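Reading through the structure tokens given below for one structure.
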Amino acid sequence: MKQFVILFRQGPFNINDVVKARRQTAISLWAREQNARGHRLEPRSLEPSATRRGIEVTDDEFGRWPVTALLFLDARNLDEATTLAASHPAKDYNVAMEVRPWSPPVPVPNQG
């Protein structure tokens, strides 16, 4: 298995508490199923506040839709990770998802 990350970008979508509860139930069920299949999900939610210094993001679709969460997961390849993302319930709540392979940084050998 290789490691991938799904970046979630929330588009404009005002939902009430009933819809939020329905969304959370659907995501929890999906996550349990994927963990049982060996995909080892590790979710991370991001706080809504952010700062940007240096390079500015252009005002394209993804520049306007902030990254709200990351989901690290194990999959055989990028196609499988993409298929998993496509089945995530967030797709029903105006969320754009981007799938990328990832790996931890390689430590630099000590030059001392």
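Taken together, the values in this text are just the output of simple stated rules run on the coordinates, not laboratory data. A quick note: this is a predicted structure, and the numbers were derived from the prediction, not measured. Using ideal geometry, Cβ is built from the backbone for each residue, glycine included, and neighbour counts are taken over all protein chains shown.
Ignoring chymotrypsin sites (Phe, Trp or Tyr not before Pro) that are buried or in helix or strand per DSSP, and keeping those with at most 12 other beta carbon atoms within 10 Å, what is the longest stretch of the chain between them? Numbers along the way, then the final one.
Values: sites that count: F13, W102.
The reported range is 14-101.
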Choose one of V106, L78, W30: the residue whose Cα lies farthest towards the positive end of the charge dipole of the chain (beta-carbon charges +1 Lys, Arg; -1 Asp, Glu; about the Cα centre).
W30
With springs only between Cα atoms under 10 Å apart, run a GNM on the chain and tell me which of N16, N77, N35 wobbles the most.
N16
Rounded to whole Å, give me the distance from the Cα center of segment 1-26 to that of segment 61-112.
14
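Order by neighbour count: L29, L7, L71, L46, fewest other Cβ atoms within 10 Å first, most last.
Working: L29 11, L7 17, L71 25, L46 14.
Lowest to highest Cβ neighbour count: L29, L46, L7, L71.
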When a/c reaches 1.5 or more, the comparison of a/b and b/c decides; with that in mind, is the chain rounded, prolate or oblate per its Cα gyration tensor?
oblate
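Charges at C-beta only: +1 for Lys and Arg, -1 for Asp and Glu. How large is the resulting dipole of the chain about its Cα centre, in Debye rounded to 20? Can you show the working numbers first?
Values: 15 positive and 13 negative charges, 57 e Å.
The calculation lands at about 280 debye.
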